Amino acid sequence: MASSFGTGLGGMVHVLAGGLGVSAIVLASAELFTALKLIGSAYLIWIGFRTVQSARRDAALALGGGLAEPPVGPRRAFREGVLVEALNPKTAAFFLAFVPQFVDPARGEVALQFVVLGTVSVALNTLADTVVAFAAGGIREGAAARPALVRRIREASGAAMVALGIGLALAKRPAT
């Protein structure tokens with residue numbers, strides 16, 4: 001749940017940057033785009049590897065009768081959500097490609113329209129993420145009785161983050 005709100009705040013970074021024109025500058029600069037892309041992809045890969053390691057360590061500890069590592073707390077989940085979303089240049093590309101279609105210069109301040117429309121988009125995405133988090137919480141109760149399943153799910157989640165990080169690292173800059 002905290003991660004969902006973190007990605008929402010990270011999305012707002014892009015909305016405000018888009019409203020101020022900063023996102024357009026980042027997308028226009030190959031160097032800035034590449035730097036942001038590589039930082040974001042490295043962070044995703046790091047989180048992915050850490051997730052896989054944690055799943056395996058917890059499984060080994062459980063077999064040996066030890067205590068597993070405590071789950072990620074809400075502060076860390078929130079912080080990671082913010083960083084993952086804020087460091088994703090594809091989010092900037094989305095807002096710069098999608099939101100301007102609905103901005104009408106004849107209706108007033110373009111930057112304000114961009115921010116309002118972007119905020120609506122972030123709110124809807126955060127709502128969808130929250131619904132998924134609630135659904136996953138219900139599934140979690142049943143899965144807790146099956147530690148091998150939980151380990152495999154965590155390993156798959158970590159592998160997916162690594163794959164997303166690699167995909168982000170290989171992403172090309174959108175045409176401007």
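Taking segment 80-94 only, how many residues are in contact with a Leu (Cβ under 9 Å, 6 or more places away or on another chain) and either surrounded by 22 or more Cβ atoms within 10 Å (Cβ to Cβ) or at pLDDT 85 or above (or both)?
From segment 80-94, those in contact with a Leu (Cβ under 9 Å, 6 or more places away or on another chain) are 81-82, 84-90, 92-93; that's our starting set.
Still in the running and either surrounded by 22 or more Cβ atoms within 10 Å (Cβ to Cβ) or at pLDDT 85 or above (or both): 81-82, 84-89, 92.
Matching residues across segment 80-94 total 9.
Listed by first and then second residue, the pairs with beta-carbon distance under 9 Å, at least 6 apart or on different chains, first residue in segment 106-125 and loosely packed, with under 13 Cβ neighbours inside 10 Å, second in a helix (DSSP H, G or I) and polar (S, T, N, Q), are Arg107/Gln113. Only one of the listed residues (Ala135, Ala123, Ala145, Ala128) is small (Gly, Ala, Ser) and in contact with a helix residue (DSSP H, G or I) (Cβ under 8 Å, 6 or more places away or on another chain). That residue is Ala123. Candidates are the residues of segment 126-138 that are surrounded by 14 or more Cβ atoms within 10 Å (Cβ to Cβ) and not hydroxyl-bearing (Ser, Thr, Tyr); the one that is nearest to Gly8 (Cα to Cα) is Asp129. The residue that is farthest from Gly8 (Cα to Cα), counting only those in segment 96-117 that are among the β-branched types (Val, Ile, Thr) and in a helix (DSSP H, G or I), is Val110.
Any idea which residue in segment 118-176 is modelled with the highest pLDDT, counting only those that are part of a loop (DSSP other than H, G, I, E, B) and of a type in the set (A, V, I, L, M, F, W, C)? By that ranking, first place goes to Ala171.
The values are calculated or read from the model by the stated rules, or taken from the named source; none is laboratory data. Computed from a predicted model, the values in this text were never measured in an experiment. In this analysis, Cβ positions are derived from the backbone assuming ideal geometry, glycine residues included, and neighbour counts consider all displayed protein chains.
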